[in-house]
1. Determine whether Pro134 is outside any strand (DSSP E or B) and not aliphatic (A, V, I, L, M).
2. I'm trying to understand the selection: among the residues of the range 219-243, which are in a loop (DSSP other than H, G, I, E, B) and buried (at least 22 other Cβ atoms within 10 Å of the Cβ)?
3. Quick one: in the range 175-203, which of the residues that are open to solvent by 50 Å² or more (accessible area, probe 1.4 Å) and of a type in the set (A, V, I, L, M, F, W, C) is farthest from Thr109 (Cα to Cα)?
4. Within the range 251-267, is even one residue part of a helix (DSSP H, G or I), among the polar types (S, T, N, Q) and open to solvent by 40 Å² or more (accessible area, probe 1.4 Å)?
5. Please pick out the residue among Arg319, Arg310 that is buried (at least 24 other Cβ atoms within 10 Å of the Cβ) and either among the polar types (S, T, N, Q) or farther than 30 Å from Glu115 by Cβ (or both).
6. Mind checking which pairs have a first residue in the range 240-265 that is farther than 15 Å from Leu229 by Cβ and a second that is open to solvent by 80 Å² or more (accessible area, probe 1.4 Å) and assigned to a helix (DSSP H, G or I), Cβ under 9 Å, 6 or more apart or different chains?
7. Can you tell me which residues in the range 137-168 are open to solvent by 50 Å² or more (accessible area, probe 1.4 Å) and assigned to a loop (DSSP other than H, G, I, E, B)?
8. Determine the pairs where a residue that is without any contact (Cβ under 8 Å) to a residue 12 or more places away in the chain and open to solvent by less than 10 Å² (accessible area, probe 1.4 Å), located within the range 272-284, has a partner that is among the charged types (D, E, K, R) and assigned to a strand (DSSP E or B) with Cβ atoms under 9 Å apart, the partner being 6 or more residues away or on another chain.
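The values are calculated or read from the model by the stated rules, or taken from the named source; none is laboratory data. Model, not experiment: these values are computed from the prediction. No Cβ is skipped: glycine too gets one built from the backbone with ideal geometry, and neighbour counts run over all protein chains shown. Please note that ligands, DNA and RNA were not included when accessible areas were found on the heavy atoms of the full protein model with its side chains. Shrake-Rupley method; radii C 1.70, N 1.55, O 1.52, S 1.80 Å.
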Amino acid sequence: MIGIMTMGRIARLGAAFALALTGISTAHAAEADFKTSFDAVLGTEVRKPQSFDAKYAWPLEATVAQIANGSAGRIGVYAVDLASGREVSVLGNQRFPMASTSKIAIAATFLEGVEKGRWSLTSEFPLMVPVASPRFSGSKAPVRPGQYMKAIDLIEIMITRSSNPATDALLAVVGGPAAVNNWASRNGITDFNITRDIATLVRDDGEVDPAHRIDVRDSATPQAMVQLLAGLYQGKFLKESSRKVILGAMERCRTGTRRIPGMLPDGARVAHKTGTLSNTASDIGIIHTPDGRAIAVAIYVTGQGSKPARDAKIASIARALYDGYQATPARAYANANY
């Protein structure tokens, strides 16, 4: 009896073992089929690891990127040769504090109003003089009306001397930051945002270190600012009379002599507007070359240890762009439709 029962158990164990071997064999077969299918789709050759090295469209871009090394603070550059349309970008789509470079857009918004008959260049408005107040004590710094000046004179000093009271005078006339943002948006300029008037921006300066953090308030990308410059220069946004007012004032700019113009040769002409805040310096403008080109440039520098060092970076980058574009034949000496 025991022998019969034992033999029965052995038989059942043998059957189970055989079934297990069958399952293992089936699993191995399925795995082999999966590997075959996987290899058929993706191949069996050895692949190199993915590269994360920076890639640049042409040698000039690589040269500018080397100068604009961000190890001591973020540096953003965007440039376009308006004769050929050829571009250079280093962090060109990253946000930087506009500081006073925003004044070009404020002037353009006001001049659009002049063209529509809302006011004239001889209309008089008061300077908006800041009143002392503690930092962050309100969403808007207090100002008081000062001397009345003609609009044409307000534009002149806000661009050539970067007058903040003159800027806030015209900013109040056009309807504040929202009106300027609306003008930019209607003209296809994205990644651009004015949040505060200049009095408030200056009073609360230093809240965020732009070398290590991005604050979208009162910021734009270098690419957006070059779009602004190119559109003004090519007459896309304003009439010729308005264009001459802005670009003429930019040619007479007295600030930032050690920035874009600092290292350029005598044959170059520059129409530009600077910006300066805590731990950041910037300069945007049009560089005119002796061979007839116009190069729209926006350079934003943060960190670098000191204001002179930031200015020197801007000057070095501007010179590299000037030399690089001069060495590259333009396809046509008519303005590219940038």
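1. Spelling it out, Pro134 is indeed outside any strand (DSSP E or B) and not aliphatic (A, V, I, L, M).
2. The initial filter retains those residues of the range 219-243 that are in a loop (DSSP other than H, G, I, E, B), namely 221, 234-239.
Result: Thr221, Phe237.
3. Val202
4. No, every residue in the range 251-267 fails to be part of a helix (DSSP H, G or I), among the polar types (S, T, N, Q) and open to solvent by 40 Å² or more (accessible area, probe 1.4 Å).
5. When all the criteria are applied, what remains is Arg310.
6. The qualifying pairs are Arg258/Pro308.
7. Ser137, Ser139, Lys140, Pro142, Arg161 - these are the residues of the range 137-168 that are open to solvent by 50 Å² or more (accessible area, probe 1.4 Å) and assigned to a loop (DSSP other than H, G, I, E, B).
8. Partner pairs satisfying both residue conditions: none exist.
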